[in-house]
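Novice: Quick one: this structure, given as structure tokens, is what I'll be asking you about.
The values are calculated or read from the model by the stated rules, or taken from the named source; none is laboratory data. A quick note: this is a predicted structure, and the numbers were derived from the prediction, not measured. No Cβ is skipped: glycine too gets one built from the backbone with ideal geometry, and neighbour counts run over all protein chains shown.
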């Protein structure tokens with residue numbers, strides 16, 4: 001089955017800096033890669049996703065890149081703000097309807 | 001808009017009792033519901049996949065007789081933790097995919113914090 005590795009497990013940055021979280025996946029058939037933000041005790045919230053037919057997607061301060069050959073994808077957050085502090089999970093699946101396999105998560109702490 | 005509503009959000013129960021968690025899809029039909037468990041500071045681990053009108057598929061290591069899943073309608077799936085023990089204390093969360101046009105998004109319930117005392 002699919003295996004998703006996520007790094008780093010914790011990331012501390014100063015407000016205004018950029019943050020990058022990286023994930024690798026094992027199943028070359030996976031074609032859908034969402035990123036979720038989860039605040040303590042709450043449900044994961046989809047922040048951005050990318051499908052295997054594109055290499056990059058951007059939404060304001062958030063961008064995701066995908067390298068299908070290397071089987072890795074990354075989340076980039078620019079101009080970080082304290083409210084970006086949360087746990088971020090990457091995931092991979094065969095399609096939006098298939099099981100999502102999650103990475104272990106990255107706790108992002110943005111200090112003012 | 002499409003939402004998955006999960007109840008209860010928090011429950012405390014005594015060891016040996018059973019707890020039922022409900023997930024309802026609002027404004028869409030959830031033919032599939034994924035059930036996850038999340039221990040503190042850990043990722044979401046898939047427990048089982050339920051499909052409306054058929055038996056759930058459980059992940060390896062998840063006891064189907066302990067975690068009873070029912071998906072009798074297109075808008076309701078339930079997870080019952082039977083004979084709960086303190087080690088079952090966790091955050092349980094459901095998720096249903098919904099196709100909107102060319103895209104499909106996973107909608108998560110609010111989660112249920114189960115504490116077994």
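Novice: If a residue must be in contact with a strand residue (DSSP E or B) (Cβ under 6 Å, 6 or more places away or on another chain) and either at pLDDT 95 or above or surrounded by fewer than 21 Cβ atoms within 10 Å (Cβ to Cβ) (or both), how many such residues does the range A:17-30 contain?
Specialist: So the answer is 7.
Novice: Also, quick follow-up: Identify the residue in the range A:40-60 that is surrounded by 18 or more Cβ atoms within 10 Å (Cβ to Cβ) and within 11 Å of chain B (Cβ to nearest Cβ) and, among all such residues, is farthest from residue B:34 (Cα to Cα).
Specialist: Applying the filter and picking the extreme gives A:49.
Novice: If you don't mind, another one. Name every residue in the range B:73-117 that is out of contact with any strand residue (DSSP E or B) (no Cβ under 7 Å at 6 or more places or on another chain), within 12 Å of chain A (Cβ to nearest Cβ) and either surrounded by 17 or more Cβ atoms within 10 Å (Cβ to Cβ) or assigned to a strand (DSSP E or B) (or both), in order of residue number.
Specialist: Hits for the range B:73-117 are B:99, B:100, B:103.
Novice: Answer yes or no: is there a residue in the range A:23-39 that is outside any loop (DSSP other than H, G, I, E, B), within 14 Å of the chain's Cα centre (by Cα), closer than 30 Å to residue B:115 by Cβ and more than 9 Å from every other protein chain (Cβ to nearest Cβ).
Specialist: Yes, the range A:23-39 contains a residue that is outside any loop (DSSP other than H, G, I, E, B), within 14 Å of the chain's Cα centre (by Cα), closer than 30 Å to residue B:115 by Cβ and more than 9 Å from every other protein chain (Cβ to nearest Cβ).
Novice: Still on this structure, please answer the following. Which residues, taken from the range A:74-112, are assigned to a loop (DSSP other than H, G, I, E, B), facing chain B (nearest Cβ under 10 Å) and within 19 Å of residue A:40 (Cβ to Cβ)?
Specialist: Hits for the range A:74-112 are A:103, A:104, A:105.
Novice: Can I ask one more? Residue B:44 passes all but one of (1) touching a residue at least 24 places away in the same chain (Cβ under 8 Å); (2) surrounded by fewer than 17 Cβ atoms within 10 Å (Cβ to Cβ); which number fails?
Specialist: (2)
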